[in-house]
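Here the structure is laid out as structure tokens; the discussion comes afterwards.
The values are calculated or read from the model by the stated rules, or taken from the named source; none is laboratory data. Note that this is a predicted model, so its numbers are computed, not measured. Please note: Cβ atoms are built from the backbone with ideal geometry, for glycine as well, and neighbour counts cover all protein chains shown.
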Amino acid sequence: MAFYDIIKQYKDFDFVDAFASITDADISRAIHSENLHGQDMLALLSPKAAEPVWMEEMAEESRRRTIQYFGRTIQLFAPIYISNFCSNRCAYCGFNTQNNISRRKLTLDEIEEEAKAISATGLQNILMLTGEAKTITPMEYLLDAVKILRRYFASVSIEIFPMDTDEYHAMARAGVDGLTLFQETYDEKIYKEVHLGGKKRDYHYRLDAPERGAMAGFRSVNIGALLGLGEMRSEFFFTALHAQYLADNYLDTEIAISLPRFNPAECGDFKPRYPVEDRTFVQFLLAFRLFLPRTGITVSTRENKTMRDNLMGIGATKLSAGVSTSVGGYSDGEKSTPQFDISDQRNVPEMVAAIKEHGYQPVHKDWDRGIWA
Ligand code: SF4
């Protein structure tokens, strides 16, 4: 069964009715169960579970399970944008091909300069990003970029255009160990409305990409929905089911999720139809931790300092630090238009200090290629 078959099972499901019928007993049972099912996730995501008494209980249980499976650790990483050319027309993104922004693609020498600057901070996990423009950033260029990054970082992940399985195989052979790919929205109708042109309009090709990545042998696969595009509770419900599907079918792959939500700076005139407030955002993170307690949760610098600090103890396991979302943003050269303005500006030493202040251990490296390969 493909994940889309699971989505189809909810085709006529009335989420509004399901959420409205959740009782206190449903929520209590879900919080304290060890093996949660879809119905339990609905209970944890319901408006009723956002009541203070349930949020506190969820936070307490989430804290306990996070420590149980991850210890008091927070992994650190940084993104490196190597190109912002894009052939897609995502209505919500500043890199949209129709936007008149400063475009740039780094040369291999420039990638090396960026890598040196980032690795000098002590970071060992790098996430390589591009816009989605296969003709401008073809496979050979990406493989060369990976070779350079591998010289400086213990772990190299990619967040680029979705690929076929054999292309993912080639990336894995070159040394990529992690894939990040967001579905943006699981709602097929809204997906078509906000992806106005380019290959990204193909909902199914994107939906199956994380699974192709797992089949290709990436050590970790990170998924997510861009919160704000679709009805938020059902969107997050499908994100959780997608993570569960991948975790159940690819036992050797570490599955993780991110919770990207709209940062107004990135979308110009685009107004998210379903803005996610802070309280709901925290509820989702807690619900997910209880639903899949062994699954990593990444919180990016789209979120501000206070939010990220508060999430450290209750479910987040991976944070970015010292971030730039511009192409060439770390070294001294020319910088392009950033994809979005970051809300937490702290550099790596500041993030390390904040993590320690919260009683957690900052982790730069938690694996070795020699052991895995
Ligand atoms: S979200 Fe990605 S694919 Fe869409 S316009 Fe932005 S960079 Fe391109």
Being at pLDDT 90 or above and within 20 Å of the chain's Cα centre (by Cα) is the requirement here; does ARG273 meet it? no
Scan the stretch 60-91 for residues that are under 21 Å from the mean Cα position of the chain (by Cα) and either among the polar types (S, T, N, Q) or closer than 18 Å to SER33 by Cβ (or both) and jot them down. SER62, ARG63, ARG65, THR66, TYR69, THR73, GLN75, SER83, ASN84, ASN88
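For the stretch 149-156, does any single residue satisfy the condition of being under 17 Å from the mean Cα position of the chain (by Cα) and either within 16 Å of the ligand (Cβ to nearest atom) or charged (D, E, K, R) (or both)? Step through it out loud before you land on a result.
Restricting attention to the stretch 149-156, the residues satisfying the condition of being under 17 Å from the mean Cα position of the chain (by Cα) are 155-156.
In the following step, the residues that additionally are either within 16 Å of the ligand (Cβ to nearest atom) or charged (D, E, K, R) (or both) were identified as none.
Taking every residue of the stretch 149-156 in turn, none turns out to be under 17 Å from the mean Cα position of the chain (by Cα) and either within 16 Å of the ligand (Cβ to nearest atom) or charged (D, E, K, R) (or both).
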Which residues, counting only those in the stretch 60-110, are touching a residue at least 40 places away in the same chain (Cβ under 8 Å), more than 10 Å from the ligand (Cβ to nearest atom) and among the hydrophobic types (A, V, I, L, M, F, W, C)? PHE70, ILE74, LEU76, PHE77, ALA78, ILE80, ILE82, ILE101, LEU106, LEU108
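Restricting attention to the stretch 335-358, and to residues there that are assigned to a loop (DSSP other than H, G, I, E, B) and crowded, with 19+ Cβ neighbours inside 10 Å, which single residue is farthest from the ligand (Cβ to nearest atom)?
As a first pass, look at the stretch 335-358 and keep what is assigned to a loop (DSSP other than H, G, I, E, B): 335-347, 358.
Pick out the ones that are also crowded, with 19+ Cβ neighbours inside 10 Å and you get 336, 338-340, 342, 344, 346.
Details: SER336: 12, PRO338: 12, GLN339: 7, PHE340: 10, ILE342: 16, ASP344: 21, ARG346: 25 Å.
It comes out as ARG346.
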Does any residue of the stretch 35-57 turn out to be more than 21 Å from THR298 (Cα to Cα), assigned to a loop (DSSP other than H, G, I, E, B) and either modelled with pLDDT under 95 or within 21 Å of the chain's Cα centre (by Cα) (or both)? yes
Taking the stretch 111-138, which residues are within 16 Å of the ligand (Cβ to nearest atom) and in contact with a Leu (Cβ under 9 Å, 6 or more places away or on another chain)? MET128, THR130
Would you pick out the residues in the stretch 42-59 that are crowded, with 22+ Cβ neighbours inside 10 Å, touching a residue at least 40 places away in the same chain (Cβ under 8 Å) and aliphatic (A, V, I, L, M)? LEU42, LEU44, LEU45, ALA49, MET58
Residues satisfying the stated conditions in the stretch 230-263, i.e. β-branched (Val, Ile, Thr) and under 13 Å from the mean Cα position of the chain (by Cα): THR239, ILE255, ILE257
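Looking only at residues that are assigned to a loop (DSSP other than H, G, I, E, B) and among the acidic types (Asp, Glu) in the stretch 182-206, which one is farthest from the ligand (Cβ to nearest atom)? Before you say what the answer is, go through the steps one by one.
So in the stretch 182-206, the residues assigned to a loop (DSSP other than H, G, I, E, B) come out as 185-187, 196-198, 202.
Within this subset, residues satisfying the condition of being among the acidic types (Asp, Glu) are 187, 202.
On the way: ASP187: 16, ASP202: 12 Å.
Residue satisfying both the conditions and the ranking: ASP187.
Are any of the residues in the stretch 188-202 at pLDDT 95 or above, β-branched (Val, Ile, Thr), buried (at least 17 other Cβ atoms within 10 Å of the Cβ) and under 24 Å from MET139 (Cα atoms)? Talk me through it step by step, then tell me what you get.
Here is the first cut: in the stretch 188-202, the residues at pLDDT 95 or above are 188-202.
Within this subset, residues satisfying the condition of being β-branched (Val, Ile, Thr) are 190, 194.
Remaining after also requiring buried (at least 17 other Cβ atoms within 10 Å of the Cβ): 190, 194.
Going one step further and asking which of them are under 24 Å from MET139 (Cα atoms), we end up with none.
Looking through the stretch 188-202, none of the residues is at pLDDT 95 or above, β-branched (Val, Ile, Thr), buried (at least 17 other Cβ atoms within 10 Å of the Cβ) and under 24 Å from MET139 (Cα atoms).
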Failed item in (1) surrounded by 23 or more Cβ atoms within 10 Å (Cβ to Cβ); (2) at pLDDT 95 or above; (3) closer than 25 Å to ALA78 by Cα; (4) not charged (D, E, K, R), with SER300 passing the rest: (2)
Return a yes/no flag: does the stretch 170-180 have any residue that is more than 17 Å from ASP368 (Cα to Cα), within 14 Å of the ligand (Cβ to nearest atom) and within 20 Å of the chain's Cα centre (by Cα). yes
